[in-house]
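All of the numbers you see were taken from the coordinates with simple rules; none came from a lab. Owing to the predicted nature of the structure, the values given are computational and were not obtained by experimental measurement. With ideal geometry, Cβ positions are generated from the backbone for all residues, glycine too; neighbour counts draw on all protein chains shown.
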């Protein structure tokens, strides 16, 4: 959307051309803290279930049902929140989802039986499912296009930190105070972020413009970027009511459908891979011959190294995305992950060796969903961005369900750690191919657009896919 004849610029151009301000960095940091809660949830749930079995006599079947229902609820929250955020705004949907999640999690601590626990877990998971995609969309709306992939990835690294924080909190609180105290603290502690978020994070100006909000409100929001927003032309046409009601039609439009399907494949595999490792590798590590035969403490330390590797991978890739082609970065991460998996397959690693190799493997494995989310956050026009990211998150959650079910079946079929890791190289290879396919599709469409406009600059392979929709 070019500037007008008086030299004024569009809102998008203004944000893209202005360096990140202090307030924009605060928004990214607060969103990072919100996403820490996601990682904490992943860490604590696996440690709560053993206590339910002991204290309530909960069966494995009930635990499996709770896990599956929770992940499906996450998927529902993700797919529903996107269209709501595109229609009504990012900030209110994010805050409502966050409050449902945190209060629902704290309420688990006063549930008296597994039936109430399951209901509360489903409710809290719906809220959490809405948080991640809308949070990433909000970051994407507020940062320049050149920094968008990097900042989305950096915000997402909060989930890895949350996993580490949740693990340490659980080890401290559960033995001394019980699992009820753990979930109450895990639910209420993130609420400390809410007042700062409400005060410091305005609704993105781009969504206010698309929704036809008053100019004064839009310019107040833009004070986050720069004190003087007078060069911006805010007379751009508003999004039609039909476009607001059918964001899925944009996500699945003829121009975007191939890219959308590839992003869904990436989300399904990469998030499923992480869940399978977190849920089942501790069991495989404790298998005796032909397994490593580690004890509980040793396997816990190995998985802690996986957590630190995940954090390192997410933070590292956020800085790489500032300088490197995002698709090539994804391919490199896939090759890195396959190399780590194969070292476990062909090597006869002991306790220390497994800690080192899984630390390195986690760097690549955690980078895969991070790059996928970064691509998804810039792949769609702003009017459908939350819907696109939410749909991607939905398929990632479904991948988690499938990997959770298939992992148990594979172990029951006699899979050992080397066999499991050898099997995982296949879907990771598919991920690498999908990144290559996305890059080729982006370049093809960039060439088509450049040919139509006579603009060779559009041949940049890092051009956001959404540019073709503007």
Be a star and scan segment 303-330 for residues whose amide nitrogen sits under 11 Å from the point 7 Å along the Cα-to-Cβ vector of residue 171.
303-305
Would you kindly state how much longer the chain becomes between residue 348 and residue 295 on full extension, computed as 0.36 nm times their sequence separation minus their alpha carbon distance, in nm to one decimal?
17.4 nm
Just grab the label-to-label distance for residue 253 and residue 116, each label 7 Å out from Cα along the Cβ direction, in nm (one decimal).
5.0 nm
Given a cut-off of under 8 Å on Cα pairs at least six residues apart, what relative contact order in percent is computed for segment 248-469?
34 percent
Efficiency by 1/(1 + (r/R0)^6): what FRET value for residue 286 and residue 59, r their Cβ-Cβ distance, R0 = 22 Å, to the nearest 0.05?
0.50
Whole-angstrom gap from segment 148-201 to segment 6-37, using each part's C-alpha centre
24 Å
Ordered by fewest other Cβ atoms within 10 Å, a rough proxy for footprinting exposure, 203, 55 read 55, 203
Could you sort the peptides 433-442, 155-164 by per-residue average Cβ neighbour count (10 Å cutoff), highest mean leading?
155-164, 433-442
What's the ranking of 168-176, 381-389, 145-153 by average number of surrounding C-beta atoms within 10 Å, highest first?
381-389, 145-153, 168-176
Ranked on Cβ counts within 10 Å of their own Cβ, fewest leading, 20, 273 go 20, 273
Mean ellipticity per residue at 222 nm, deg cm²/dmol - from DSSP H runs of n ≥ 4 across the chain, formula -39500 (n - 2.57)
-26000 deg cm²/dmol
In degrees, nearest ten, helix 60-88 long axis to first principal axis of the chain (Cα):
10 degrees
Computed over the chain, the relative contact order (Cα-Cα under 8 Å, seq sep at least six) in percent reads 23 percent
Per-pair calculated FRET efficiency, R0 = 30 Å: residue 339 and residue 181 via Cβ, rounded to 0.05:
0.10
Would you mind pulling out the separation of the Cα centroids of segment 82-113 and segment 403-441, in Å?
32 Å
Additional length obtainable on full extension of the chain from residue 412 to residue 68, 0.36 nm per residue less Cα span
122.0 nm
Per residue Cα convex hull volume for the chain, in cubic angstrom?
136 Å³
Using the Kirkwood radius built from alpha carbon pairs, what does the Stokes-Einstein equation give as D for segment 11-244 at 25 °C and 0.890 mPa s, in µm² per second?
130 µm²/s
Please report the spacing between the Cα centers of segment 343-398 and segment 214-232 in Å, no decimals.
36 Å
Using only the Cα atoms of segment 248-469, build the gyration tensor, take square roots of its eigenvalues as a ≥ b ≥ c, and label the shape rounded, prolate or oblate: rounded if a/c is under 1.5, else prolate if a/b is larger than b/c, else oblate.
prolate
